[in-house]
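**Q** Could you have a look at this structure, given as structure tokens, before my questions?
The values are calculated or read from the model by the stated rules, or taken from the named source; none is laboratory data. Fair warning: this is a prediction, and the values are worked out from it, not measured in the lab. Virtual Cβ from ideal backbone geometry, glycine too; neighbours counted across all protein chains shown. Just so you know, the surface numbers come from the protein's heavy atoms only, side chains and all, with ligands and any DNA or RNA stripped out. Shrake-Rupley method; radii C 1.70, N 1.55, O 1.52, S 1.80 Å.
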Amino acid sequence: MTNEIYLFSGLGADESVFQRLDFSNYSTTFIKWIAPLGQETIEHYATRLLEQIPTGRPILIGLSFGGIMAIEVAKQIDTTKFILIASAKTKKEIPFYYRMAGRIGLHKLLPARLLKSSNVVTDWFFGAKSSFDKQLLKEILHNTDPTFLEWAIDKIVHWTNQEQPENIFHIHGAKDRILPLSFVNCDVIIKSAGHLMVLNKSEELNEVLLNQLPPQN
């Protein structure tokens with residue numbers, strides 16, 4: 001039996017963000033982001049993403065915002081394994097200042113074009129150091145649909161989830177500035193890793209994933 005892995009990329013990103021992770025022994029499907037329906041709830045959006053997951057008891061891997069969406073998906077189906085990378089399991093792991101911004105509507109004052117800009121500040125926040133990391137981050141931000149971006153940020157700052165899958169395994173970077181480690185209770189800490197550790201700490205991450213993913217039959 002082949003273990004099917006479904007990967008949820010970060011906010012606005014596509015499968016290219018996973019290019020340095022080794023899933024060669026597995027069948028993988030990259031979840032495609034779809035346009036939100038107006039003020040659609042995160043739960044309803046997750047239900048629509050389920051159309052891309054026909055496999056029973058799949059393995060889910062979620063990165064950043066993709067991890068939050070994968071949590072919502074996992075609340076609706078049974079999973080074999082759930083791996084969270086640089087993300088949050090519950091609302092308590094979302095920094096209080098993000099949630100505070102949501103309560104007063106501060107996030108709605110930031111124009112999408114500003115959120116999509118790439119500069120030294122975004123490079124620092126995401127931990128993009130090499131020219132390759134910076135270029136890929138620039139492409140991700142540039143290609144992110146502004147409507148989806150605004151919808152997703154609103155869902156993050158208002159996320160109310162307090163449940164987490166029983167079979168979850170959380171990997172986080174010690175130097176993550178988007179979701180600081182101080183707010184997170186994780187299983188493995190990758191030293192000196194920032195929010196883009198799937199790219200610049202892929203060797204360490206691949207070693208952890210190899211130990212966590214179920215062997216092929």
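**Q** For segment 25-50, give me the residue count where each residue is open to solvent by 60 Å² or more (accessible area, probe 1.4 Å) and either aliphatic (A, V, I, L, M) or farther than 20 Å from Met197 by Cβ (or both). Give the steps one after another, and end with the answer.
**A** Keep residues of segment 25-50 that are open to solvent by 60 Å² or more (accessible area, probe 1.4 Å), which gives 25, 30, 32, 35, 37, 39, 41, 43-44, 47.
Add one more test, that the residue is either aliphatic (A, V, I, L, M) or farther than 20 Å from Met197 by Cβ (or both), and what stays is 25, 32, 35, 37, 39, 41, 43-44, 47.
Total meeting the criteria: 9.
**Q** Still on this structure, I have one more. Filter segment 167-185 for residues that are under 11 Å from Ile83 (Cα atoms) and open to solvent by 40 Å² or more (accessible area, probe 1.4 Å) and give the result.
**A** Asn167
**Q** From Ala70, Ala86, which residue is open to solvent by less than 10 Å² (accessible area, probe 1.4 Å), over 18 Å from Glu166 (Cβ atoms), touching a strand residue (DSSP E or B) at 6+ places or on another chain (Cβ under 7 Å) and not acidic (Asp, Glu)?
**A** Numbers: Ala70 fails: over 18 Å from Glu166 (Cβ atoms).
Among Ala70, Ala86, only Ala86 is open to solvent by less than 10 Å² (accessible area, probe 1.4 Å), over 18 Å from Glu166 (Cβ atoms), touching a strand residue (DSSP E or B) at 6+ places or on another chain (Cβ under 7 Å) and not acidic (Asp, Glu).
**Q** Just to be sure, is Ile68 β-branched (Val, Ile, Thr) and over 23 Å from Leu136 (Cα atoms)?
**A** no
**Q** Among the residues of segment 46-95, what is the count of those that are without any contact (Cβ under 8 Å) to a residue 60 or more places away in the chain and under 20 Å from Phe183 (Cα atoms)?
**A** 3
**Q** Can you tell me which residue in segment 186-217 is surrounded by the fewest Cβ atoms within 10 Å (Cβ to Cβ), limited to those that are among the charged types (D, E, K, R) and touching a strand residue (DSSP E or B) at 6+ places or on another chain (Cβ under 7 Å)?
**A** Per the stated criteria, the residue is Asp187.
**Q** Same structure, new question: What pairs can you find where one residue is in segment 1-18 and closer than 25 Å to Arg57 by Cβ and among the polar types (S, T, N, Q), the other is open to solvent by less than 20 Å² (accessible area, probe 1.4 Å) and modelled with pLDDT of 85 or more, and their Cβ atoms are less than 6 Å apart, with a gap of 6+ or different chains?
**A** Correct list of pairs: Asn3/Ile59; Ser9/Val17; Ser9/Leu63; Ser9/Gly66.
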